[in-house]
Every structure is written in structure tokens, then in C-alpha cells.
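One structure is given below, encoded as C-alpha cells.
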Amino acid sequence: MEVRDVIAPVQGELKEFDRYFKDAIKSDIGLVDTVVRYIVKRKGKRIRPALVLLSAGACGGIVDASYRGAALVELLHTATLVHDDVVDEAPTRRGMASINAVWKNKVAVLMGDFILARGLLLSLDNGDVDMLNITSRAVQRMSEGEILQIQRARRLKNDEETYFRIIRDKTASLLSACCEIGAVSATEDPEVRANLRDYGEHLGIAFQIQDDVLDYAGIESNTGKPIGGDAKEKKMTLPLIYAFGAAPSGESKRIMRLLKKGVDGENLKEVVAFVHEHGGIENAQKKAKEYQQLALSNIAALPDSDYKRSLTGFTDFVINRSK
């Protein structure tokens, strides 16, 4: 299943979302408007706004507040990507030159700030206090998750509990916010809102586990990233954690010594083989499917609709994707 199949019920609504998004970040400052048009031109799959709209549709119906919520989370996500590219010194984003590569770091940082501010004002100007609260908490969690991951990578130390704390905060928090915002825009029922929040959280965890699996078991031409990139960056992700838990002590110590020195070339191949040989891939995929089932249980009580079927399809997409 492809993304376009999953988001099919809101394809028309995503065009309306595009209008909200463009209006939210327009500016009468020439350089700002130029950069904004560049950002709009390189839009991605729009998974996050689609989740907002699908959640709203499944919980009662898509209204103006749903579009504002979708624009808010996409503005937040875009701002974080612009800032991430500065931190990572990334030359490209989605196959195009990054903002920092074209206009340098100062403009990129200020543009990220501008986009974030526009998202906040979009909510404040329309009295969407609940949405702003949800989004602010997601930003806090995302920042904490990133910093915790950096801290653990420096020590090359991680355990399953810490791994899940990192991916809950770094990845799942935003998808959780998307689904909760969609529900908030469509219903006053606190139980439904909580269920959609938890659905997004579990979906995000499954998504990140699969992402980490693909780092060891993907095809580079599909993922666009070299195999073993996490090991090179000394990130202890779930496939590697599970392999360490299953391998003989002597072999685990040898691989840990390699990681501490820094791996590349043949050493990197050894680490990738170690993960495959000791069940890291299979056990991580099993865990991803457990979170898929949790996500499905969160939306089981929703009435049947095309929107609900797409939310169900999203869980298949995230654990079966190859890129």
C-alpha cells in the first residue's frame, strides 16, 4: 500500500489545506516570500496534515478548525526541518537544495523562527487554544527526545526503555498531536480525543521502529540513505539493542568495541551482519506489529467510514513500507 492510497479520502481536502498553509506563511518582505515559495514548491507527502484531516473526518467531520490544525502541525514540522538542516549542515532536503545551502544559516534559522511564529499566530488569532496546547507539548517532547538521543549516543549506551522514551518523544509525539488535533476539531468527547491521541502515539512508535529496521535491512536505492547509518552515528536503535541482548557475550563486546572506535567500510558491514544474525531485525519487526495492534485497538470503537479505513490502512503502511 502506498501513501497516496491511504490518504485518498482527503485528497480534495488537502488541496484546501494547501491554501490555508500558503496563506499562513505569506509575507510582504521580498526575501521571506521568496524562501516561502521555495518551501511550498518542495512539499512532501503531507502525511501529517492528512492524519489531522482523516482523524477529524473519522471523529465527526472536517471543518475550518481541522484545516487550521493541519496547517499548524505542518508549519511546526516545516520549521523543525529547516532548523534540523542547519544543525546537520544538510545540503539537500527532499531532493532539492536546503534553505541553509541556498541562503546560508542565518536566513535559514530566521525562516524557521518565522514559520513557527506564523503557526502560533494562526492558532491564537482563531482562539484554537486546545490545538496550541497540544502542539506546544509536542514541540517540548520532540526537543527533549533529540537531546536525550544525542546524550546517549555520546556514551554509546542505550536500553530498550530509553530507546522507547526517545522515539515516543522524538517521532511519535508529533503524529500523536496530529491525530489529537484532528479529533479536537471535530468532537467534544474526551474519550474519543484520548483514543485518537493514543492511536497517533502508537502509530508513530511503529513508524520509527520500521525506520530503524530499514537502516539495517532496507535497500539504499529505496530509502535514499546508506545502510548502517545509525551505527555510524553511534545510535543504539532497537534492532541493535535486540541483537546485543541475544548474542554471546564475547561477540557483543567485540561489536561494542568496534562501535566505540567508529565504524565504516568492513567494520560497518560486520555490525550490520551482527544485527541480522542475532535476530535484531525480526524481533524489532515483531515489536512494531505489537504497536500496530495497539493503534488499531485505539480506533476500534469509531464508526465505520472511509476515514477510519484509511487510519487502519496507515498502520499497514508504516510497518510494511520499504522507504
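FYI, it's all coordinate maths here, none of it is from the lab. Since this is a predicted model, take the numbers as computed values, not measurements. Cβ placement follows ideal geometry from the backbone for every residue including glycine, while neighbour counts extend to all protein chains displayed.
Per-residue 3J(HN,Hα) values for segment 254-270, derived from phi via the Karplus relation 6.51 cos²θ - 1.76 cosθ + 1.60 with θ = phi - 60°, read 5, 5, 5, 4, 4, 4, 5, 6, x, 10, 6, x, 5, 4, 5, 4, 5 Hz in sequence order (x marks Gly and Pro). If the segment from Arg37 to Asp64 were pulled out straight at 0.36 nm per residue, it would be longer than the present Cα-Cα gap by 7.4 nm. Magnitude of the charge dipole for segment 1-127, about its Cα centre and with charges confined to Cβ atoms of Lys, Arg (+1) and Asp, Glu (-1), is about 320 debye. For the chain, the longest principal axis of the alpha carbon atoms and the long axis of helix 47-59 meet at an angle near 60°.
Using a Gaussian network model of the chain in which every pair of alpha carbons under 10 angstrom is joined by a spring, one finds that among Arg118, Arg197, Arg309 the greatest mean-square fluctuation is at Arg309. On the beta carbon distance between Glu270 and Ala97, with R0 = 30 Å, the FRET formula returns roughly 0.30. May I ask for the angle, rounded to the nearest 10°, between helix 11-25 and the longest principal axis of the chain, with both axes built from Cα atoms and the value confined to 0 to 90°? For helix 11-25, the angle is close to 80 degrees. Residues Asp169, Asp64, Asp18, ranked from the fewest to the most other C-beta atoms within 10 Å, line up as Asp64, Asp18, Asp169.
With unit charges on the beta carbons (Lys and Arg positive, Asp and Glu negative) and the dipole taken about the Cα centre of the chain, which residue among Ala70, Ser305, Met142 sits farthest to the positive side? Result: Met142, furthest along the dipole toward the positive end. Between Asp5 and Arg137, the simple spin-label model (points 7 angstrom out along Cα→Cβ) gives 3.4 nm. Net charge near Met236, counting Lys/Arg +1 and Asp/Glu -1 over other residues with Cβ under 9 Å of its Cβ? The answer is +2. All distinct Cα pairs of the chain go into the 1/r average, and the inverse of that average, the Kirkwood radius, is 20.5 Å.
Taking Cα atoms only, the orientation of helix 306-320 departs from the longest principal axis of the chain by about 20 degrees. Straight-line reach from Lys286: taking Cα to Cα under 25 Å and skipping same-chain neighbours fewer than 8 places apart, the lysines in range are Lys157, Lys170, Lys225, Lys232, Lys234, Lys235, Lys269, Lys308, Lys323.
Sequence-distant contacts, meaning Cα pairs under 8 Å at least 6 residues apart, place the relative contact order of segment 1-127 at 26 percent. For segment 1-127, the number of Lys pairs with C-alpha atoms closer than 25 Å, counting only pairs eight or more positions apart or on separate chains, is 18.
The charge dipole of the chain, taken about its Cα centre with unit charges on the Cβ of Lys, Arg, Asp and Glu (plus for the first two, minus for the last two), comes to roughly 1040 debye.
The packing ranking, built from the mean of other Cβ atoms within 10 Å per residue, places the peptides 107-115, 138-146 in the order 107-115, 138-146, highest first. Among 71-78, 41-48, sorting by the average number of other beta carbon atoms lying within 10 angstrom of each residue, highest first, gives 71-78, 41-48. Inter-label distance, Gln293 to Ser27: 4.9 nm, where each label sits 7 Å from its Cα along the C-beta direction.
For segment 66-170, the alpha-carbon coordinates run over 45, 35, 22 Å along the three principal axes, in decreasing order. Taking Leu156, Leu203, Leu132 in turn, the Gaussian network model of the chain (Cα-Cα springs below 10 Å) assigns the largest fluctuation to Leu156.
Between Leu148 and Glu188, the contour length at 0.36 nm per residue exceeds the alpha carbon distance by 10.9 nm. Structural descriptor for the chain: relative contact order 21 percent, calculated from alpha carbon pairs under 8 angstrom and at least 6 residues apart.
In sequence order, segment 133-140 has phi-based couplings of 5, 4, 5, 4, 5, 5, 4, 4 Hz under the Karplus curve 6.51 cos²θ - 1.76 cosθ + 1.60, θ = phi - 60°, and Gly or Pro positions carry x. Each Lys and Arg Cβ is given +1 and each Asp and Glu Cβ -1; about its Cα centre, segment 96-247 then shows a dipole of about 880 debye.
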